[in-house]
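Comments concern the structure below.
No value in this document is a laboratory result; all are computed from the given coordinates. Remember, predicted model here, so these are calculated numbers, not experimental data. Neighbour counts are summed over all protein chains in view; Cβ atoms, including those assigned to glycine, are modelled from backbone coordinates with ideal geometry.
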Amino acid sequence: MGIKSDKWIKKMATEHKMIEPFTDKQTTQGAISYGVSSYGYDIRVTDEFKVFTDVFNTVVDPKSFNEKSFVTIVADECIIPPNSFALARTVEYFKIPKNVITVCLGKSTYARCGIIVNVTPFEPEWEGHVTLEISNTTPLPAKIYANEGIAQVLFFEGDEQCEVTYADKKGKYQNQTGITLPRMKD
């Protein structure tokens with residue numbers, strides 16, 4: 001298994017529509033960078049955020065998630081309160097090949113500000129917009145910029161194809177298009 005280069009990412013994006021929309025070079029002018037990098041792809045966050053709030057005094061329960069746990073914000077910038085959390089999604093839509101798995105890590109620009117981005121791996125044959133989990137670990141409000149870089153995806157190609165893919169399992173987050181809340185499989 002090996003990490004894939006910018007050349008491989010460009011080929012997969014153009015020939016197999018692995019990433020759409022696709023930016024074939026790293027864009028940095030006046031923005032937190034996004035697009036292809038040496039061994040990864042820097043993803044962008046859209047302008048819709050679901051910021052957790054305690055206004056309704058709900059309990060966060062992954063088996064029975066209450067939408068009153070957050071407020072929805074649509075804006076070019078989102079302020080995440082101190083020691084709080086938000087959900088968002090990527091601009092990019094992914095179609096992961098059968099022999100590939102990804103790891104996604106937050107960008108250093110945000111990490112150095114105490115903002116942690118968590119994303120679980122994109123499994124073989126997973127498809128959709130990525131739901132991003134963004135934590136503000138600081139005692140201060142933190143600003144996130146829409147349509148700019150938020151995290152980097154690294155692609156790993158297996159030496160052989162796995163027996164069961166995410167599509168084969170009929171995964172509960174397959175083909176997600178919006179910010180997808182926690183789900184239980186039926």
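The long axis of helix 6-16 is offset from the longest Cα principal axis of the chain by roughly 90 degrees. In terms of surrounding Cβ atoms within a 10 Å radius of their Cβ, 156, 85, 122, 49 rank from fewest to most as 156, 85, 122, 49. By the beta-carbon count within 10 Å of each Cβ, the least crowded to most crowded order of 23, 90, 72, 137, fewest first, is 72, 137, 23, 90.
Within the same chain, lysines fewer than 8 places from residue 172 are excluded, and of the rest, those with a Cα less than 17 Å from its Cα are 63, 95, 185. Pairs exceeding 30 Å between alpha-carbon atoms, taken from 4/68; 17/170; 10/50: 4/68; 10/50.
Computed extension gain for residue 15 through residue 83, at 0.36 nm per residue and net of the alpha carbon distance, reaches 20.3 nm.
A simple spin-label model places the labels of residue 109 and residue 159 3.9 nm from each other, with each point 7 Å out along Cα-to-Cβ. Estimated at 0.36 nm per residue, the fully extended path between residue 31 and residue 67 surpasses their Cα-Cα distance by 9.8 nm.
A simple spin-label model places pseudo-atoms 7 Å from Cα toward Cβ; at residue 76 and residue 177 they are separated by 2.7 nm.
Dipole check for region 1-79: with +1 at the C-beta of Lys and Arg, -1 at the C-beta of Asp and Glu, and the Cα centre as origin, the magnitude is about 440 Debye. Go ahead and set up a Gaussian network model of the chain, Cα springs under 10 Å, then flag whichever of 127, 15, 157 fluctuates most. Its mean-square fluctuation being the largest, the pick is 15. Legend: calculated FRET efficiency, residue 133 to residue 39, from the Cβ-Cβ distance at R0 = 22 Å, rounded to 0.05, equals 0.40. Secondary structure note: in region 85-176, about 95% of the DSSP beta bridges are antiparallel.
Based on Cα contacts under 8 Å between residues 6+ apart, the chain shows a relative contact order of 27 percent. About the centre of its Cα atoms, the chain shows a dipole size close to 100 debye [charges on the beta carbon of Lys, Arg (+1) and Asp, Glu (-1) only; nearest 20 debye].
Region 14-30 and region 40-80 have Cα centres spaced 26 Å apart.
Annotation: the residues 16, 129, sorted from fewest to most other C-beta atoms within 10 Å of their own C-beta, follow the order 16, 129.
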